[in-house]
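Report on one structure; see the data block that follows.
Values quoted throughout were computed directly from the atomic coordinates according to the rules given, and no laboratory measurement underlies them. On a predicted model such as this, the values are computed, not experimentally measured, just so you know. Cβ placement follows ideal geometry from the backbone for every residue including glycine, while neighbour counts extend to all protein chains displayed.
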Amino acid sequence: MHANESLMFKQSARAKLADPQLQRSLARIPIKFVKGRAAAAQEFGDFEALREAGQRVRDTVLADLAGWLERFEAAATARGVTVHWAEDAADARRIVGEIARAERVKTVVKSKSMVTEEIELNEALAAQGVEVVETDLGEYVIQLAKERPSHIVAPIIHKNKEEVADLFAAHHARERKDDAWREDIAGLCREAREVLRPKFLAADMGISGANFLIAETGSAMIVTNEGNGRLCTTLPRVHVAITGIEKVVPTLDDAATLVRLLTRSATGQPISNYVSMLTGPRDKGAVEGPVAMHIVLLDNGRSKLLADEQLRPMLRCIRCGACMNHCPVYQNIGGHPYGWVYPGPMGSVLTPSFLGLAAAPDLPNAATLCGQCEVACPVKIPLPEMLRTLRERQVAAQLKDWRERWAYRLWGWLALNPWLYRPAMRMGSWLLALLADDGQLDALPGGWTRGRTFPAPAGDTFQARYRARQREMGR
Amino acid sequence: MSTARERILARLRTQSGNAPAHLASPIANGVMEDDPIARFMARANALQSTAERLASLDTVPLAVAAYLQSHKLPRQLVCWPQYDPLDWAGASIVRAPVADSHTLVGLTGCFAAIAETGTLMLCSSATTPAITSLLPETHIAVVMASQIVRTMEEGFQRLQTTLGRPPRAVNFVSGPSRTGDIEQTMTLGAHGPYRVHLLLVG
């Protein structure tokens, strides 16, 4: 697994806030993704009904995940696919490594897949002498930069074109006249195309993820824009698709429903450029397509999540990235401070779920609970509620600072004793109002006011005002 | 010793719930009301495909020749064998049998075309190879008016009634390949075609 750097969240977030280049890059999120999604949803019409239908599809699957997986496996096997089951990351790496060895694979081209990030597949294949090339433009840049994606859909959202040009200059031997090419985004894309095309043609094995696995037909569905997914799954003689066990859906029509939601929520597109449905290897006598097709089904904590009633809805996720695009925290710090594979609100639920509460103590708290993620989620995952659940579990597991835990206890006790609560509130608000300057407090203990002020209480408590208002209206 | 498969399935089985009632997917505004052909053309244009309408299949070679000329492309292409009988010589167009990385233009038909999104539905087979629409920089597709369906679901329906089961690859193609990875600036022609031109016949 990727070294988990979630423990460094606060330190890393502070550095990102002070990085002017990153801030310029992040400023594109609301303009491109948030606006794009809103426009696509509006143009669609009854997007709310579509979300409802999408949620139903995902909940149907989760109600009998074992059954749908078995149906998928039977259908895929009947079409000549070898289906593998991986308990965890190490298991999945071993399976893919063995396929590569058995097929005498020297070179691999990869289509974008967050699950392969989750299992750190590239490093494992490289260790057994296989050359792995990422072919999604963003992932290719990430590979050259030896970084991690900072967004699940737009991996290099944190970089600008000049940084991409620097990497290309360092890795591509080309004659370059002046510096104009560095500003030419279309030219950079063409350069990547020219460098990568021979890799596709020479590769022995293509590795992809799968957005959906279709139980009724045994198909893997892959949603892409660039066409690299099609090349990876058509040209090499072996195709391996790796995905999480939760990605199965019952029918072709269910996949159509989810595609409608996925691309609109991710990039604001009514459909992405290529939606490919792959069912088995090439038939005998066919002139194209892989000779062998493997599908690896990864658990790696997902069955544990299914057993967790409060967090189970997280398995509805179709990986569109809308929650991070709409998150005011993500919009300001980007994806890297979250420290593991999945950033933003979905990552703040997945990371502690997969790696353990203690591995990511800051993530469930890295949210304002403004609710935008839930509003934008195509399958209506109650992310804020789940973050709150994780916070409660942190307290229960004694992962919180003793002062914070005592503060909750004191509050709880006061709230159960109204005769004490009322005078305590009165005294508190009186005291805070006294300390305030211009209605704002700028020096509270605990660090809350380090980067912002705290609005002082209005003087009266809510209850006192409410009673006064009732009296007035009764008059 | 139990296998990973058995262990995973056993864990999942302890957690079965009640499946909620299925809801039919709503579709985009106007799909049922719009004229499917007009909608398909409009949506295809919005995806930055170009399109023209032809009266009959016989006029395809001349239309292709005019398109190649307007884009300063040589009069060479790879096409699906179903179009072999057309009068290519009359349009001075040379054909090659199989697309490779040097092929500039690929001509295909389609299995269906989807009005909701302006999408081509391509089914792979020995006579309808997927690479013809993938390797060349320019993809020209012939769409018969009768192939236009309203939604992806209708396309799947047709698949089930005519082929019975999905072929190795069903590719839904919605315009030229593109990427927005660098600075979220949409750029056409990532790894697939830079141009998609549709010839709507009938």
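Among A:Trp406, A:Met427, A:Gly439, flag the residue with its Cα farthest along the positive direction of the charge dipole of region A:403-474, charges on Cβ as +1 for Lys/Arg and -1 for Asp/Glu.
A:Trp406
Rounded to the nearest 500 deg cm²/dmol, what is the calculated helix-only ellipticity per residue at 222 nm for chain A, with -39500 (n - 2.57) per DSSP H run of length n ≥ 4? Walk me through the numbers on the way to the answer.
Details: 22 runs with 235 residues, N = 475.
It comes out at -15000 deg cm²/dmol, rounded to the nearest 500.
Along region B:50-61, what does the Karplus equation 6.51 cos²θ - 1.76 cosθ + 1.60 (θ = phi - 60°) give for ³J(HN,Hα), rounded to whole Hz, x for Gly and Pro?
3J(HN,Hα) across region B:50-61, in whole Hz: 10, 8, 9, 10, 10, 6, 8, 4, 4, 7, 4, x.
Taking square-rooted eigenvalues a ≥ b ≥ c of the alpha carbon gyration tensor, is region A:6-302 rounded, prolate or oblate, where a/c under 1.5 means rounded and, failing that, a/b exceeding b/c means prolate? Don't skip to the answer; put the middle values down first.
Values: a/c = 1.62, a/b = 1.18, b/c = 1.37.
Oblate is the answer for region A:6-302, as a/c is 1.5 or above yet b/c matches or exceeds a/b.
Hey, got the average number of other protein chain Cβ atoms within 10 angstrom for residues in A:162-170? Before the final figure, lay out each step's value.
Details: counts 1, 1, 3, 1, 0, 0, 0, 0, 0.
Across the residues of A:162-170, the mean count of other-chain Cβ atoms within 10 Å is 1.
Could you point to the residue in A:Ala255, A:Ile245, A:Pro378 farthest towards the positive end of chain A's charge dipole, with +1 and -1 charges on the Cβ of Lys/Arg and Asp/Glu respectively?
A:Pro378
So if I place +1 on the C-beta of Lys and Arg and -1 on the C-beta of Asp and Glu, and nothing else carries charge, what would the dipole magnitude of region A:297-378 be about its Cα centre? I want it in debye, nearest 20.
Details: 5 positive and 5 negative charges, 36 e Å.
About 180 debye.
To the nearest 20 Debye, how big is the dipole of region B:1-130 about its Cα centre, given +1 on the beta carbon of each Lys and Arg and -1 on that of each Asp and Glu? Could the numbers behind the result be given before it?
On the way: 10 positive and 10 negative charges, 139 e Å.
The calculated dipole for region B:1-130 is roughly 660 debye.
In chain A, if the dipole is taken from +1 on Lys/Arg beta carbons and -1 on Asp/Glu beta carbons about the Cα centre, which of A:Leu188, A:Ile214, A:Asn365 is farthest to the positive end?
Towards the positive end, the residue furthest out is A:Asn365.
For a quick check: sort B:Asp34, B:Asp100 by the number of other beta carbons within 10 angstrom, fewest at the front. Working shown, then result.
Values: B:Asp34 17, B:Asp100 11.
By the 10 Å Cβ count, ascending: B:Asp100, B:Asp34.
Taking the Cα centre of the protein assembly as shown as origin, sum charge times position over the Cβ atoms of Lys and Arg (+1) and Asp and Glu (-1), and report the length of that vector in debye to the nearest 20. All intermediate terms of the calculation are to be shown ahead of the outcome.
On the way: 77 positive and 71 negative charges, 281 e Å.
With Lys and Arg at +1 and Asp and Glu at -1, about 1360 debye.
How many Cβ atoms of partner chains, on average, are near each residue of B:121-130 if near means within 10 Å of its Cβ? Could the numbers behind the result be given before it?
Working: counts 2, 1, 1, 10, 4, 6, 1, 0, 5, 6.
Shielding by partners across B:121-130 averages 4.
Nearest 10 degrees, 0 to 90: what angle lies between the long axis of helix A:383-396 and the longest principal axis of chain A (Cα atoms)?
Between helix and principal axis, roughly 70 degrees.
Can you pull the one-decimal nm distance between simple spin-label points at A:His172 and A:Asp401, each 7 Å off the Cα toward Cβ?
Here the answer is 4.9 nm between the modelled labels.
Only helical DSSP H runs with n ≥ 4 go in: add -39500 (n - 2.57) per run for chain B, normalise by residue count and round the 222 nm mean residue ellipticity to 500 deg cm²/dmol. Each step should come with its number before you reach the end.
On the way: 4 runs with 43 residues, N = 202.
Taken over chain B, the calculation gives -6500 deg cm²/dmol.
Per residue of A:261-274, what is the mean number of Cβ atoms on other protein chains within 10 angstrom of that residue's Cβ?
Details: counts 1, 0, 2, 1, 0, 0, 3, 0, 7, 9, 13, 5, 16, 12.
That average works out to 5.
Along each principal axis of its Cα atoms, how long is region B:1-129 end to end? Whole angstroms, biggest number first, please.
Largest first, region B:1-129 extends 68, 47, 25 Å along its Cα principal axes.
How tilted is helix B:152-162 with respect to the longest principal axis of chain B? Cα atoms for both, answer in degrees (0 to 90, nearest 10).
Long axis of B:152-162 versus the principal axis of chain B: about 80 degrees.
Arranged from highest to lowest average of other beta-carbon atoms within 10 Å per residue, in what order do the peptides A:325-334, B:46-55 appear?
Per-residue Cβ counts within 10 Å, averaged per peptide and sorted highest first, yield A:325-334, B:46-55.
Report, in whole Å, the centroid distance computed from the Cα atoms of region A:95-161 and region A:399-448.
50
Using alpha carbons only, how many angstrom separate the centre of region A:284-358 from the centre of region A:36-88?
Cα centroid to Cα centroid, the span is 14 Å.
Could you tell me how many degrees, from 0 to 90 and to the nearest 10, lie between the Cα long axis of helix A:252-267 and the main elongation axis, the longest principal axis, of the Cα atoms of chain A?
Helix A:252-267 sits roughly 60 degrees off the main axis of chain A.
How would the protein assembly as shown be classified by its alpha-carbon gyration tensor: rounded, prolate or oblate, with rounded meaning a/c under 1.5 and the a/b versus b/c comparison settling the rest? Don't skip to the answer; put the middle values down first.
On the way: a/c = 1.83, a/b = 1.77, b/c = 1.03.
In terms of gyration-tensor shape, prolate.
If you count, for each residue, the other Cβ atoms within 10 Å and average over each peptide, how do B:75-85, A:373-383 line up from highest to lowest? Walk me through the intermediate numbers first.
On the way: B:75-85: 16.5, A:373-383: 22.4.
Highest mean packing first, the order is A:373-383, B:75-85.
Show me the ranking of peptides A:6-17, B:141-152, A:247-258 by mean Cβ neighbours inside 10 Å, starting with the highest. List each step's numbers first, then the result.
Working: A:6-17: 16.2, B:141-152: 19.9, A:247-258: 23.8.
Top to bottom by mean Cβ count within 10 Å: A:247-258, B:141-152, A:6-17.
Modelling each spin label as a point 7 Å along the Cα-to-Cβ direction, I'd like the A:Asp179/A:Ala78 distance in nm, to one decimal.
6.3
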